[in-house]
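The values are calculated or read from the model by the stated rules, or taken from the named source; none is laboratory data. Computed from a predicted model, the values in this text were never measured in an experiment. Areas reflect the complete protein model, heavy atoms only, side chains present, ligands, DNA and RNA absent. Shrake-Rupley method; radii C 1.70, N 1.55, O 1.52, S 1.80 Å.
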Amino acid sequence: MAVQDADRCPACKKDLVRVKMLVDGNNLVMTSCANCDIRQWSRAGEQIDLSEALVEVGEHSGRRR
Ligand SMILES: [Zn+2]
């Protein structure tokens, strides 16, 4: 598996941590900087709001009876 180039935090220039997850066929990616405590979410390459991401995740992982 190819390792992607690590993105750098625009603020502090440290490596960003990337967490990928597959939700209902969509790739959700969380990018975070541990130094600045910034989190960004993207879906299928498009940046989305955190609230939007949580809806995506919640809809598909939070189903309970
Ligand atoms: Zn940073």
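In segment 17-60, the portion of solvent-accessible area held by carbon and sulfur atoms comes to 46 percent [1.4 Å probe, whole percent, DNA, RNA and ligands not counted]. Note on M21 and V55: the extension gain reaches 10.8 nm, defined as 0.36 nm multiplied by sequence separation minus the Cα-Cα distance. Specify whether the C-alpha gyration tensor of segment 17-60 places it in the rounded, prolate or oblate class, a ≥ b ≥ c being the square roots of the eigenvalues: rounded for a/c under 1.5, otherwise prolate if a/b is larger than b/c and oblate if not. In terms of gyration-tensor shape, prolate.
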